[in-house]
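The values are calculated or read from the model by the stated rules, or taken from the named source; none is laboratory data. Everything numeric in this text was worked out from a predicted model, so none of it was measured. Virtual Cβ from ideal backbone geometry, glycine too; neighbours counted across all protein chains shown. These area figures cover heavy atoms from the full protein model, side chains too; ligands, DNA and RNA do not enter into them. Shrake-Rupley method; radii C 1.70, N 1.55, O 1.52, S 1.80 Å.
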Amino acid sequence: MFVSFLLEEIASQPSSWSLAGDLRVSGLPAPGERVAVIGCGTSYYMAQAYAALRESAGQGETDAWPASEFPVSRRYDRVLALSRSGTTSEVLAALSRVSDVPTVAITADPSTPLASAVDSLISLDFADERSVVQTRFATTALVLLRAHLGEDVAPLVPSATAALDTPLAPSLVAASQFTFLGTGWTVGLANEAALKLREAAQAWTESYYAMEYRHGPISIAAPGRVVWLFGPAPTGLLANLAPTGAHVENSPLDPLADLIRVHRLAETLATARGLDPDHPRNLDRSVILT
């Protein structure tokens, strides 16, 4: 039986998270610094999650930017770049415009141009991936960042294991549409979940701030469709969803571990639809612009 690289990488996340939790690194933002976090695609969504976590932890103003939109004229104390490949053109271009500000990057490949583009480089080479679809590098980077914020990340490992062991409901596999919702730091996870199903399985997906969902998007909720909430549901939202007939997912797992369940769903749907989960159409490991 063929086993995709994606499936193997999804399953390895507990061990990768454990390694990340034990790392001692330098160059990451210090409390009180005003920080910009840049990335593209999945890395940008992890940047969104980290920015919200850092601010809620009281460690300083933190903005997440797509690398292509980074406002180089805005004053920051440090710029953090996330890039699995270390070759993404927009990330390298943004860093080339930064001057007189400490820069640090987290990557899976320390031998790429990114190494010479920043002051400090953090390598998560043990979390690198062969699949184009990014899973374990992104989540492992966020575990590292959560640990740096002072969080005890040890409980995340059994939570990740539970996410791997929990069966996916048949109504998830049969669904025709998926909406992912988050609040605070889990908005980034909701955006990433929608991306995973789009790129791996060509699914119809959307993502929203949970409190914004009732301001229009709830109109598409219906039987045969899924509404997936990361973290506690806002007051009254589950009651609003009940009459729609949509399947609602709201796991008690840590939201980052719950994202693993979305990874599994993406791989399952891709395989069921006869798609190659390691090489989605029109996508490469890195966007390199000429």
Point to revise | In the range 189-290, trypsin sites (Lys or Arg not before Pro) in a DSSP loop with at most 11 other beta-carbon atoms within 10 Å | key: Arg281
Check your understanding: In nm, what is the difference between 0.36 nm times the number of residues separating Trp204 and Leu283 and their Cα-Cα distance?
Key -> 26.7 nm
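Relative to the compact-globule scaling 2.2 N^0.38 Å, provide the ratio for the alpha-carbon radius of gyration of the range 76-221.
Cα Rg divided by the expected 2.2 N^0.38 Å: 1.22.
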Exercise for review: Starting from 0 in steps of 5 Å, tell me what percent of the Cα-Cα pairs of the range 148-229 lands in each bin.
Suggested key: 3, 13, 18, 22, 21, 12, 7, 3, 0
Revision key, fill the gap. In whole angstrom, the spacing between the Cα centers of the range 246-290 and the range 181-204 equals 9
Check your understanding: Per the Cauchy relation, a quarter of the hull surface: what is the mean projected area of the convex hull of the alpha carbons in the range 81-157, in nm²?
Key -> 5.7
Check your understanding: Debye sum, Cα scatterers, the range 171-290, no solvent: what log₁₀ I/I(0) at q = 0.14 1/Å?
Key -> -0.57
Check your understanding: Between Ile220 and Thr290, what is the FRET efficiency for a Förster distance of 35 Å, r being their Cβ-Cβ separation, to the nearest 0.05?
Key -> 0.35
Review point. Using the alpha-carbon centroid of each, what span in Å lies between the range 117-133 and the range 6-77?
Key: 13
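How much of the accessible area of the chain, probe 1.4 Å, is carbon plus sulfur, in whole percent? If you can, show how the numbers build up before the last one.
Details: 6480 of 12030 Å².
Of all accessible area on the chain, carbon and sulfur atoms account for 54 percent.
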Point to revise | Estimated 222 nm signal from helices in the chain, with DSSP H stretches of n ≥ 4 weighted -39500 (n - 2.57), rounded to 500 | key: -11000 deg cm²/dmol
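What full-extension length gain, to one decimal in nm, is calculated for Leu168 and Glu55 as 0.36 nm per residue of separation minus the Cα-Cα distance?
Numbers: separation 113, 0.36 × 113 = 40.68 nm, distance 3.35 nm.
Full extension of this stretch gives 37.3 nm more.
With only alpha-carbon atoms in the gyration tensor, what are the semi-axes of the equivalent ellipsoid for the range 202-265, in Å, largest first?
Ellipsoid semi-axes (Å, largest first): 19, 15, 11.
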Review point. Within the P(r) computed for the range 3-140, what percentage of the Cα pairs occupies the region above 19 Å?
Key: 49
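Give the residue list of chymotrypsin sites (Phe, Trp or Tyr not before Pro) in the range 1-47 that are DSSP loop and have at most 13 other beta-carbon atoms within 10 angstrom. It would help to have the intermediate numbers written out before the result.
Details: sites: Phe2, Phe5, Trp17, Tyr44, Tyr45; in loops: Phe2.
Taking the range 1-47 and a limit of 13 other Cβ atoms within 10 Å, the loop chymotrypsin sites (Phe, Trp or Tyr not before Pro) found are Phe2.
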Point to revise | Coordinate range along principal axes, alpha carbons of the range 61-109, Å, largest first | key: 28, 19, 16
Review point. Any idea what % of Cα-Cα pairs in the chain are farther than 24 Å?
Key: 49
Practice item. Return one number: the angle in degrees, 0 to 90 and rounded to the nearest 10, between the long axis of the Cα atoms of helix 156-165 and the longest principal axis of the Cα atoms of the chain. Key: 40
Check your understanding: For helix 255-272, what angle does its Cα long axis make with the longest principal axis of the chain, in degrees from 0 to 90 and rounded to 10?
Key -> 60
